[in-house]
Amino acid sequence: MSEPPSEIPSEAAAETRPDVLILGAGVIGLACAWYLLESGRRVAVLDRGRVGGGASHGNCGTLTPSHSAPLAMPGMVLKALRMMWRKDAPFHVAPRLDVELLGWLARFAGRCNWRDFHAVNRAKAQILTHSRGLIGDLVAGQGMDCGFAATGTLYVFREQQALDGFGWHLDSLRAVGIPVEERTGAQLRALEPCLRDEVIGGVFHPGDAQLRPDRYVAELARLVREAGGVIVEDCAVEDFAVTGSRIDGVVTARGRYVADEIVLALGAWSPPLARRLDLRIPLQPGKGYSITYERPALAPRIPLVLREDSVCVTAWADGYRLGSTMEFAGYDETLNRLRLDALRRGAARYLREPEGPRVLEEWFGWRPMTWDDLPILGRSARWDNLSLATGHGMLGVSMSLASGQLVAELLAGATPTLDPAPYSPLRFHL
């Protein structure tokens, strides 16, 4: 087996080798690296591909405390079943015999009640609100060039029945102290001339923000390197060397790495690797899509969610993106044109200029979805020196810094800023 690359000292150099080895250079792994470095740890990050090449790359870049409500809620099972037969529906499960997916869906269905809804709403609001503040402070304090803007977000509606039935959303946000404001169709069109006359109303979330996600991840990587962290790309983890309840080393295609602590932050790819450690992470890859264009002349100034069609629209100074959808199709690598066309059709129903002059990228990525819609953050009960940082669903960018801070605090044995209990691996016996 080849020796590790020169960026990381060999096993023998214990005084200079990393204290913490992070598996995954996505937004969560880099956020963990940043806070661990700030606490004085020596950190190295390994990634099978390139920095930020996973789910963060093509998402819509919104920072959304407004998304605190869980996906599982009363009525969701019936709604999902109705959409099952539409291959271009915002939510779709590809028909196949998959025991793990069936178990995941059963546990998800069991959460579709108001008691679990309110508990998860509180837990998500806690981490989302805290992370939103941390991101704003870090961008300003470190001069991060990532297109950050405290714009808020708008949910807009074309159908009165759908808007009338959205009261639960306002109630759920107000219950956890997240501001939300109702808007008429006329008010929305005055605020956003890009909207068509068919838009009849919506809600504004003033506490939300936006950024360019690929640049945010690149800037996090810059901060990690400048703070002394090492990032090794094109370094796929293949296995682990273990003794008893301790991980002695991480075996990769480029050699073996050792550290006192290991953090598993591989997003949707966490379950296959965790099985090497006899851990079964209850996570499914939820496939999302986006189309990135050159910016149209009449682009929204505030990120939009086109509610009935579940399409997110974000514009930056040099780009424009349509995104969303949720497809449970395993790790299928097909760029499903039905889903891309659904994004285009949805945008055309709400926007005067729904597409930009030229397509720059058509993209898909897998979101790491837990059935309780909460991330998995903290120490493993099975392995003495393993921590998990995965399962952020559609909100990895939004939850990134609060997740990194919490993992760093737990590894240091410090009093955590957030209550870690709702996100603990122990709830899944990990």
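The values are calculated or read from the model by the stated rules, or taken from the named source; none is laboratory data. Everything numeric in this text was worked out from a predicted model, so none of it was measured. We place every Cβ from the backbone using ideal geometry, glycine too, and count neighbours over all the protein chains shown. Protein only, heavy atoms only, side chains kept; ligands, DNA and RNA dropped before computing areas. Shrake-Rupley method; radii C 1.70, N 1.55, O 1.52, S 1.80 Å.
Annotation: amide H of residue 231 within the under-5 Å range of 45, sequence separation 5 or more or interchain, hydrogens built in the peptide plane.
Applied to the range 184-194, the Karplus parametrisation 6.51 cos²θ - 1.76 cosθ + 1.60 on θ = phi - 60° returns per-residue 3J(HN,Hα) values of 7, x, 4, 5, 5, 5, 5, 6, 10, x, 6 Hz, with x for Gly and Pro.
Structure remark: mean-square fluctuation, Gaussian network model of the chain, C-alpha springs under 10 Å; the largest value among 263, 313, 93 belongs to 93.
Cα centroid distance between the range 300-333 and the range 351-367, in Å? The range 300-333 and the range 351-367 have Cα centres spaced 8 Å from each other. For the range 332-394, the fraction of 1.4 Å probe accessible surface lying on carbon and sulfur atoms is 48 percent. Full extension of the chain between residue 118 and residue 246 gives 42.4 nm of extra length, using 0.36 nm per residue less the Cα-Cα distance.
Of all beta bridges that DSSP places with both ends in the chain, some 70 percent have antiparallel geometry.
Helix 114-142 sits at what angle to the longest principal axis of the chain, using alpha carbons and giving 0 to 90 degrees rounded to 10? For helix 114-142, the angle is close to 70 degrees. A simple count of charges around residue 303, restricted to other residues whose Cβ falls under 14 Å of its Cβ and scoring Lys, Arg +1 and Asp, Glu -1, yields +4. Full extension of the segment from residue 427 to residue 182, taken as 0.36 nm per residue of separation minus the current Cα-Cα distance, would add 84.5 nm. What a 1.4 Å probe finds exposed on the range 233-317 is 45% carbon and sulfur by accessible area, rounded to a whole percent.
Given their separation in residues at 0.36 nm each and the Cα-Cα distance between them, residue 78 and residue 417 gain 118.2 nm when the chain is fully extended. Using θ = phi - 60° in the Karplus curve 6.51 cos²θ - 1.76 cosθ + 1.60, the 3J(HN,Hα) couplings for the range 365-371 round to x, 9, 8, x, 9, 8, 6 Hz; x is entered for Gly and Pro. Taking 12 Å as the cut-off, the amide N atoms of the range 170-200 that come nearer than this to a point 7 Å along the Cα-to-beta-carbon line of residue 301 belong to 189-194.
Dividing the mean sequence gap of close Cα pairs (under 8 Å, 6+ apart) by how many residues the chain holds gives a relative contact order of 25 percent.
Spacing of the modelled spin labels on residue 362 and residue 239, each 7 Å from Cα toward Cβ, amounts to 4.0 nm.
Residue 240 sits among other residues whose Cβ lies under 14 Å from its own Cβ, and their net charge, with Lys and Arg +1 and Asp and Glu -1, is -1. If exposed means no more than 16 neighbouring beta carbons inside 10 Å and the site is in a DSSP loop, what's the longest run of the chain without any exposed GluC sites (Glu not before Pro)? Longest stretch, sites excluded: 16-158.
For the range 340-347, 3J(HN,Hα) computed residue by residue from phi via the Karplus equation (6.51, -1.76, 1.60; θ = phi - 60°) reads 5, 5, 5, 4, 5, 5, x, 4 Hz, glycine and proline entered as x. Summing +1 for each Lys or Arg and -1 for each Asp or Glu among the other residues whose beta-carbon sits under 13 angstrom from that of residue 352 gives -2. Solvent-accessible area per residue in the chain equals 40 Å², computed with a 1.4 angstrom probe and all protein chains kept. Database note for the chain: Cys without another Cys beta carbon under 4.7 angstrom, 32, 112, 146, 194, 235. For the range 343-430, trypsin sites (Lys or Arg not before Pro) meeting the loop criterion (DSSP other than H, G, I, E, B) and having at most 16 other Cβ atoms within 10 Å: 352, 358, 382.
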